[in-house]
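Here the structure comes first, spelled out in structure tokens, and everything after it is commentary.
The values are calculated or read from the model by the stated rules, or taken from the named source; none is laboratory data. Since the structure is predicted, the reported quantities are computational estimates derived from the model, not experimental observations. Reconstructed Cβ throughout: ideal geometry from the backbone, glycine too, with neighbour counts over all protein chains shown.
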Amino acid sequence: MERLLSQEEIDNVFRSLKHKDSREEASSKAVPYDFRRPDRIAKDQLRSIHLLHDNFARNLASSLSAYLRAYVIVNLVSVEQISYAEFLQCLPSPTCLVSLSMKPYEGNAILELNPSLVFPMLEMLLGGTGKASTKINREVTEIERVVLSGVYRVILQDLRQAWHGVTDIDFAIDSRETEPQLLQILAPAEAVVAIGLEVRIAENSGMMNLGMPSIIIKMLRQKFDQQWSVRRSESKEGELSRSLRLVKSAVLRLDARLEGPTLQVADLMRLKTGDVLAFDYPVNKPLSFLVNGKLKYRGQVAAAGRKKAFVIEEPYQPIE
């Protein structure tokens, strides 16, 4: 025997399904917070780091072009926050990996140059064209490390300059390594800001990766805010200078007036011979100085050679 549902039962079924979908949608938007990762930094600070290293990429392209005497293009590919273990997994093996001290701050950053980028640069520094057809995938020798020291010097100089607007950090090489897993300077779960840059030299291209501890960058949050406040003040000063240049050619009308008591016309018409008017205006009372009809200053009339002048003693303060 078939049972027919009433309209109220049908409404209850659809109502329960609707509430279930809304609960699932809310749960899908929720992101679990890991209390073991207090070194996470805000997204707005990541955007500031992105702009900072975008300038670094442009400056590095010019510096490497001059040092290698070849056309070099450097593009900022990514800025993201990942764990140190994930950062190491993204690096090739073997590779050119250096640990950087960040004085006066404690901790180390990591700079990595891909072999696809290192060996063409070595060839160009040793007099070649850097257009080798075969890709080399091996560790660099001691002699090649000495040759690469000049490249690292150029990179670190531009990196210091890029961070100078936020804080002075003296990046210097602490140690070198070829296998990423052997460079254990941070805990695997510790967060780092990974900055990826693509470098193109002639027909070759490769990645340069920079990893900085998030805990240090989080400590510099106030300095990032100060940097933007300084930039805003500089932009305001530039706008004021621009406005001043636009109004420099304007013409103003200047008047110096001795303003005394006022008298109605009717009283003036009733004056007779022998009447005395008391102006009650002291000799040392300052005069009014008007700019385009508006009272702006108080002062005295003086002589400048054969011409008359006005000495400004104080700005006009309206009575509130």
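Only one of A109, A66, A57, A42 is in contact (Cβ under 8 Å) with a residue 60 or more places away in the chain and surrounded by fewer than 17 Cβ atoms within 10 Å (Cβ to Cβ); which?
Testing whether each residue is in contact (Cβ under 8 Å) with a residue 60 or more places away in the chain and surrounded by fewer than 17 Cβ atoms within 10 Å (Cβ to Cβ) leaves just A42.
Name, by its number, the condition in (1) part of a helix (DSSP H, G or I); (2) modelled with pLDDT under 75; (3) hydroxyl-bearing (S, T, Y) that does not hold for Y33.
That leaves (1) as the condition not met.
Looking only at residues in the range 207-224 that are free of Cβ contacts under 8 Å to residues at least 60 places away in the same chain and of a type outside the set (A, V, I, L, M, F, W, C), which one is farthest from I169 (Cα to Cα)?
Q222
Inspect the range 266-287 for any residue being in contact (Cβ under 8 Å) with a residue 24 or more places away in the chain and polar (S, T, N, Q) and give the result as yes or no.
Looking for residues that are in contact (Cβ under 8 Å) with a residue 24 or more places away in the chain and polar (S, T, N, Q), one finds none in the range 266-287, hence no.
Could you tell me which of the residues I73, I110 is at pLDDT 85 or above, touching a Lys or Arg at 6+ places or on another chain (Cβ under 8 Å) and within 30 Å of K131 (Cα to Cα)?
I73
Please go through the range 288-311 and pick out each residue that is small (G, A, S) and touching a residue at least 12 places away in the same chain (Cβ under 8 Å). I'd like the intermediate steps shown before the answer.
So in the range 288-311, the residues small (G, A, S) come out as 288, 293, 299, 302-305, 309.
The answer is S288, G293, G299.
Name the single residue, out of those in the range 295-311 being part of a strand (DSSP E or B) and of a type in the set (G, A, S), that is surrounded by the most Cβ atoms within 10 Å (Cβ to Cβ).
G299
If a residue has to be closer than 16 Å to R253 by Cα and either surrounded by 15 or more Cβ atoms within 10 Å (Cβ to Cβ) or outside the structural domain of G260 (by TED's automatic domain parsing) (or both) to count, how many in the range 277-294 make the cut?
Filtering the range 277-294 for residues closer than 16 Å to R253 by Cα gives 288-294.
Subsequent filtering for residues that are either surrounded by 15 or more Cβ atoms within 10 Å (Cβ to Cβ) or outside the structural domain of G260 (by TED's automatic domain parsing) (or both) retains 288-290.
Residues flagged as closer than 16 Å to R253 by Cα and either surrounded by 15 or more Cβ atoms within 10 Å (Cβ to Cβ) or outside the structural domain of G260 (by TED's automatic domain parsing) (or both) within the range 277-294 amount to 3.
Looking only at the range 265-287, count how many residues are modelled with pLDDT of 85 or more and either outside any loop (DSSP other than H, G, I, E, B) or polar (S, T, N, Q) (or both).
Number satisfying all stated conditions: 4.
From the list L182, L125, L117, which one is in the same structural domain as D54 (by TED's automatic domain parsing), farther than 25 Å from A42 by Cβ and without any contact (Cβ under 8 Å) to a residue 40 or more places away in the chain?
On inspection, the qualifying residue turns out to be L182.
Picking from A172, A202, which residue would you name as being at negative phi and of a type in the set (A, V, I, L, M)? Walk me through how you get there before you give the answer.
Values: A202 fails: at negative phi.
Testing whether each residue is at negative phi and of a type in the set (A, V, I, L, M) leaves just A172.
Got a sec? Which of K135, K131 is part of a loop (DSSP other than H, G, I, E, B) and in contact with a Ser or Thr (Cβ under 7 Å, 6 or more places away or on another chain)?
After applying the criteria, what remains is K135.
Anything in the range 185-228 that is β-branched (V, I, T) and either in contact with an Asp or Glu (Cβ under 7 Å, 6 or more places away or on another chain) or not in a strand (DSSP E or B) (or both)? List them, or say none. Lay out the reasoning, then the answer.
Going through the range 185-228, the residues β-branched (V, I, T) turn out to be 185, 192-193, 195, 199, 201, 215-217.
Passing the criteria: I185, I215, I216, I217.
Restricting attention to the range 92-106, and to residues there that are buried (at least 20 other Cβ atoms within 10 Å of the Cβ) and more than 28 Å from the chain's Cα centre (by Cα), which single residue is nearest to M212 (Cα to Cα)?
The selected residue is L97.
Applying the selection to the range 156-184, what residues are among the hydrophobic types (A, V, I, L, M, F, W, C), assigned to a helix (DSSP H, G or I) and out of contact with any strand residue (DSSP E or B) (no Cβ under 7 Å at 6 or more places or on another chain)?
Answer for the range 156-184, where residues must be among the hydrophobic types (A, V, I, L, M, F, W, C), assigned to a helix (DSSP H, G or I) and out of contact with any strand residue (DSSP E or B) (no Cβ under 7 Å at 6 or more places or on another chain): A162, W163, L182.
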